[in-house]
Each structure stands twice: as structure tokens, then as C-alpha cells.
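The structure under discussion appears below in the form of C-alpha cells.
The values are calculated or read from the model by the stated rules, or taken from the named source; none is laboratory data. Please read all numbers here as calculations on a predicted model, not as lab measurements. As a convention, Cβ positions derive from the backbone with ideal geometry for all residues, glycine included, and neighbour counts pool all protein chains shown. For accessibility, only protein heavy atoms count, side chains too; no ligands or nucleic acids. Shrake-Rupley method; radii C 1.70, N 1.55, O 1.52, S 1.80 Å.
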Amino acid sequence: QVQGVGLRGLRPPEGPIDAGNSGTLIRLLAGLLAGQDGTFEITGDESLRSRPMERIAEPLRQMGAGVKTTGGRAPLLIAGAPLSSIRYRPPVPSAQVKSAVLLAGLNATGGETTIEEAQPTRDHTELLLSQAGARVTRRGNRISVAPTPRLELGTVEVPGDFSAAAPFVVAATLLAGSNLYIHDV
């Protein structure tokens with residue numbers, strides 16, 4: 001069960017936020033923190049610190065957030081600021097970049113924040129934002145979110161990740177006579 005503090009209620013913790021090895025977490029969290037009051041540091045393990053972060057830092061800077069990377073990688077230092085909406089076309093198709101910009105757009109002023117996709121990417125974020133009450137629209141290859149005063153989300157059933165089940169599927173195929181039942185993936 002997750003208890004939130006509201007769309008604009010996040011405060012900096014005493015130390016860095018450790019995203020472990022989750023590229024999705026660090027990138028989406030950066031978008032959410034860009035419009036909060038305070039300065040936040042997000043880091044991760046050695047593998048995460050080797051992955052590119054400028055692809056999210058650049059559009060967040062365009063929106064008005066202070067985002068510093070470490071040589072283009074994590075740790076990220078995010079100085080939250082009042083954000084302005086933008087229209088952005090990521091140079092590389094990425095659901096994580098799209099999600100970071102849309103999450104920042106929830107706190108932006110100046111109308112809708114729009115992402116133009118060269119190729120469609122996963123749409124989990126925009127589906128969940130719609131379910132939580134945000135005004136999300138899709139027009140062809142453009143996805144937009146309007147500034148949102150409040151989000152409210154009831155119970156959400158999150159299916160298991162197939163990549164976590166895959167090793168068991170492979171193992172079952174190697175063992176003659178084995179049975180494997182996978183649910184909610």
C-alpha cells in the first residue's frame with residue numbers, strides 16, 4: 001500500500017535517493033522531482049551510474065528545472081523549480097524520456113506539455129495518469145498532458161514482469177515432465 005503526500009508535496013530527503021539498478025526509477029523520478037520545492041540527488045549502483053541521463057536532463061532543463069548530471073550520467077542533482085510546458089521530440093524513442101517529461105508536465109504552467117514520438121513507445125505512464133485523473137490526450141504521434149491540480153488513484157493491479165518469469169519458463173522446458181503455471185504476468 002502506498003500513501004502519497006500529494007502531487008506537490010515531496011520534500012528532499014536527508015541524503016541521496018538510491019535508485020539501485022533501476023533506469024526506469026531514476027528517469028521517472030527525475031521528471032516528478034523537477035517541479036518540486038528543493039534540491040534532490042538521485043544515484044544508483046555502478047551499472048546505473050554508467051547509463052546516459054542527458055536524454056532526460058535536457059528536456060527538464062528546457063522546462064525550467066535545474067538538472068545536473070555527472071558527465072552525462074548519474075548521480076543527478078535536481079533543483080526543483082516552477083516549470084513551463086514544452087513540446088518535445090526525443091532524439092531517440094524512449095518510454096522513459098516520454099514519461100519523465102509527462103510527469104514534469106503535471107506541474108508545468110502554460111498549457112499542455114507534448115511529446116512527439118518518431119516511433120510509438122510503451123504507454124504505461126499515460127494510461128496510469130489518465131486513470132488517476134490527469135487530462136492526457138493522444139493525437140497521432142503526439143501525447144499531451146495538461147497541468148493537473150491533483151491526482152487520485154484507487155487500487156491498481158500490477159501484473160508481474162515476464163522477464164522475471166522467463167528463467168523459470170526456460171528451466172521448465174529443460175526438465176522433461178515438468179509442469180509450470182504462470183499467473184498474472
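Side notes on the structure shown:
This table checks each residue for (1) touching a strand residue (DSSP E or B) at 6+ places or on another chain (Cβ under 8 Å); (2) at pLDDT below 95; (3) closer than 24 Å to Glu157 by Cβ.
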residue: Leu106; (1), (2), (3): yes, no, yes
residue: Thr109; (1), (2), (3): yes, no, no
residue: Glu117; (1), (2), (3): yes, no, no
residue: His124; (1), (2), (3): no, yes, yes
residue: Asn141; (1), (2), (3): yes, no, no
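- All conditions in (1) more than 28 Å from Leu153 (Cα to Cα); (2) part of a helix (DSSP H, G or I); (3) open to solvent by less than 10 Å² (accessible area, probe 1.4 Å) hold for Pro59, with the sole exception of (1).
- Identity of the residue in the stretch 50-105, in contact (Cβ under 8 Å) with a residue 60 or more places away in the chain and among the small types (Gly, Ala, Ser), that ends up farthest from Pro16 (Cα to Cα): Ser85
- Residue count, the stretch 62-89 (criterion: within 13 Å of Gly110 (Cβ to Cβ), assigned to a strand (DSSP E or B) and open to solvent by 80 Å² or more (accessible area, probe 1.4 Å)): 1
- Listed by position, the strands (runs of 3 or more DSSP E) enclosed by the stretch 90-163 that each have at least 1 residues that are out of contact with any His (no Cβ under 9 Å at 6 or more places or on another chain) and of a type in the set (Asp, Glu) are 113-116.
- Flag for Ala146 being surrounded by 12 or more Cβ atoms within 10 Å (Cβ to Cβ), among the hydrophobic types (A, V, I, L, M, F, W, C) and over 24 Å from Gly38 (Cβ atoms): yes
- Selection from the stretch 24-56 of residues that are within 21 Å of Val5 (Cβ to Cβ), assigned to a loop (DSSP other than H, G, I, E, B) and open to solvent by less than 60 Å² (accessible area, probe 1.4 Å): Ala34, Gly35, Gln36, Gly38
- Inside the stretch 154-168, residues that are closer than 16 Å to Thr125 by Cα, open to solvent by less than 80 Å² (accessible area, probe 1.4 Å) and touching a residue at least 12 places away in the same chain (Cβ under 8 Å) make up a count of 1.
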